[in-house]
Amino acid sequence: MAYLEQAIEAGNGHTGMSPLEARSLGLKQSQNAKFLRHSPHSVIFYEGDSADRLFELDEGIVMLYKLLPDGRRQVVEILNPGTIFGAAAGETYDCSAETLTNARVSAYDRREIDRSAPLQRHLTHCLMSQMELLHDHAVLLGRKSAIERVSSFLMRMVPQRGGEACAGPPETGTDSHNVVLTMTRQEIADYLGLTIETVSRVISELKRRGLIKVERQDQIHISRVCGICQLTGIH
């Protein structure tokens, strides 16, 4: 599954409800939620586990991933608060879910969702929005170059920039933004379908061009947001 709320906050042009609407009309209608707290890098469920529950991320960040038999990993999506995940067409989950930070998750019995028409409608709306975002990720993995992939990853963490609804650079001041990373270089590489060496090489190239500064291992300062946006392949 993909994320819902970050796509809206980032202003990337996809249609859908606002985060507030998603909160008020979402699975919170259910009175039988179980609230679970997880520490960083805790597995919520594994691929192949029985899909008897649906989840909503209340706090923190979660990644969904799939493993190949030889141990290679593809991170499918990064989830932010407000996202519904764990929906399965069959009886088992088709991917694994692991927290990247401290997280709070609401868990719902799948049978209850199946019995509620309003909850089914809300779930359908969310899944349609998430499908659009998965289409974008498919383009990223299938057609974008390494520098376009890393730039796209950075831009998704800059609110209201990039895509059709981009607010554009500020009229005054510098066009910069601080990005706090919750993922390791290896996790970023697994999300972008690159090697860790390629990710490091692209980051070094962006630094050489004066577009970013690596403040700390977990923080990147984007010196020119428009400069990064122009490298995403969407212009």
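The values are calculated or read from the model by the stated rules, or taken from the named source; none is laboratory data. Keep in mind it's a predicted model, so treat the numbers as computed, not measured. Every residue, glycine as well, gets a Cβ built from its backbone with ideal geometry; the counts of neighbours run over all protein chains shown. Side chains included, ligands, DNA and RNA excluded: accessible areas come from the protein's heavy atoms. Shrake-Rupley method; radii C 1.70, N 1.55, O 1.52, S 1.80 Å.
Some notes on this structure:
- Estimated 222 nm signal from helices in the chain, with DSSP H stretches of n ≥ 4 weighted -39500 (n - 2.57), rounded to 500: -10000 deg cm²/dmol
- Non-local Lys pairs in the chain, i.e. 8 or more apart or on different chains, that have alpha carbons under 27 Å apart: 4
- Cα long-axis angle, helix 146-155 against the chain (0 to 90 degrees, to the nearest 10): 70 degrees
- Summing charges over all other residues whose Cβ lies under 15 Å from the Cβ of Tyr46, with Lys and Arg as +1 and Asp and Glu as -1, gives -3.
- For Tyr191, neighbours were defined as the other residues whose beta-carbon sits under 10 Å from its Cβ, and their charges (Lys and Arg +1, Asp and Glu -1) total -1.
- Between the C-alpha center of segment 37-58 and that of segment 217-232 there is a gap of 32 Å.
- Looking at the chain, the accessible area is 50 square angstrom per residue; that uses a 1.4 Å probe and ignores ligands, DNA and RNA.
- Range in the chain, longest, excluding exposed GluC sites (Glu not before Pro) [loop by DSSP; at most 15 other beta-carbon atoms within 10 Å]: 92-163
- Split the accessible area of segment 132-201 by element, probe 1.4 Å, and carbon with sulfur accounts for 54%.
- Rounded to the nearest 20 debye, dipole of the chain from Cβ charges on Lys, Arg, Asp, Glu: 500 debye
- Furthest towards positive pole of dipole, Pro169, Ile147, His125, structure part segment 110-186, Cβ charges: His125
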